[in-house]
1. Residue by residue, what Karplus-based ³J(HN,Hα) values in Hz, rounded to whole numbers, does segment 204-211 have, using 6.51, -1.76 and 1.60 with θ = phi - 60° and x for Gly and Pro?
2. Pairs of Cα atoms under 8 Å, at least six residues apart: use those to get the relative contact order of segment 27-239, whole percent.
3. With only Lys, Arg, Asp and Glu charged, each at its Cβ (+1 for the first two, -1 for the last two), find how big the charge dipole of segment 27-239 is about the Cα centre; round to the nearest 20 debye.
4. Output ³J(HN,Hα) for segment 172-186: one whole-Hz value per residue in order, computed from phi by the Karplus curve 6.51 cos²θ - 1.76 cosθ + 1.60 with θ = phi - 60°, and x for Gly and Pro.
5. For segment 120-249, give the magnitude of the charge dipole about the Cα centre (Cβ charges: +1 Lys/Arg, -1 Asp/Glu; no others), in debye to the nearest 20.
6. Taking H as built 1.01 Å from N, whose amide H comes closer than 5 Å to the amide H of F151, not counting residues under 5 places away?
7. What whole-number volume per residue, in cubic angstrom, does the convex hull of the C-alpha atoms of segment 27-239 give?
8. Using the Karplus curve 6.51 cos²θ - 1.76 cosθ + 1.60 with θ = phi - 60°, what ³J(HN,Hα) values do you get for each residue of segment 130-147, in whole Hz, with x for Gly and Pro?
Amino acid sequence: MGYTGPAGDGGELHQVEEHHHRNVQSGGGRAAVFGVSDGLITNVALILGIAGAHPTAGIVRLAGLAGLIAGAFSMGMGELISMRAHGELLERELRVEKGAIERDADKEREELALIYIRRGFSRRLAEQFAAEAMANPELALETHAREELGFDPGAKGSAGVASIASLASFAVGALVPLLPWLVGSGTAAVLWSIAASGVLAVAIGAALSFFTGKALWFSALRELMLVAVATAVTWGIGHAVGLGSGAPG
């Protein structure tokens, strides 16, 4: 709950309902959601692409396991490097901005006021906001980061969390189309791999609809179509190239 400030003759504070938003900047959450999708699409395309060439079941299992392990580590390490490099860039920009504030606070206050003026505030109000922000060094740096540099210093996300989430979620997505090949082979494994991947694709789409607000059927169908297209293309290539005349054993 929050309040709007004095609202009546008695100066009473009226409580209002606060809007609660999902944290869309979370590195871990973002990496986990898209990691599962990446793992599924990558490995089902790889597995069925290999299966389309009619090798032995052992070759398909090996390819699926290699795709799972290599893809998971690639995603995890890539996310770690990407987020750390991005964080280091933001930290550098903050140091530069902090130095500018310390060297010439008056100039930085005018810059901040001009930003508010461009957004439609009157000069009087813009200068008042800028003066209030610049009165506190920490608030001044945070405000300049938000208004001038365009990011929130407190919402950079954790590179470690994002890396682990990306690695683990990719592995989960990549494991699903591989499972039928770990316990079976041949046409049955192909069909079960397609079915399991379709179910997971629908589940991923439904999860994404919760975060994005899109219609559940739309998100589910979109994810299912992406999986279907990737699988059809790689299966067709594998079948066209081929490794032999026999069916997978």
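Just so you know, all these numbers are worked out from the coordinates, no wet-lab data involved. What you see is a predicted model, and the numbers here were worked out from it, not measured in a lab. All Cβ positions, even for glycine, are placed from backbone atoms using ideal geometry, and neighbour counts span all protein chains on display.
1. Taking θ as phi minus 60°, the curve returns 4, x, 5, 5, 5, 5, 5, 7 Hz for segment 204-211.
2. On the way: 296 pairs, mean separation 90.3, N = 213.
Result for segment 27-239 is 42 percent.
3. Values: 17 positive and 20 negative charges, 158 e Å.
So the magnitude is around 760 debye.
4. Per residue, the Karplus-derived 3J(HN,Hα) values read 4, x, 6, 6, 4, x, 7, 3, x, 7, 6, 10, x, 7, x Hz.
5. Working: 6 positive and 8 negative charges, 99 e Å.
It comes to approximately 480 debye.
6. When sequence neighbours closer than 5 places are left aside, the close amide H contacts are R146.
7. Details: hull volume 29.2 nm³, N = 213.
Cα convex hull per residue, to the nearest whole number: 137 Å³.
8. Residue by residue, segment 130-147 yields 4, 5, 4, 5, 6, 5, 10, x, 5, 5, 4, 5, 5, 5, 5, 4, 5, 7 Hz.
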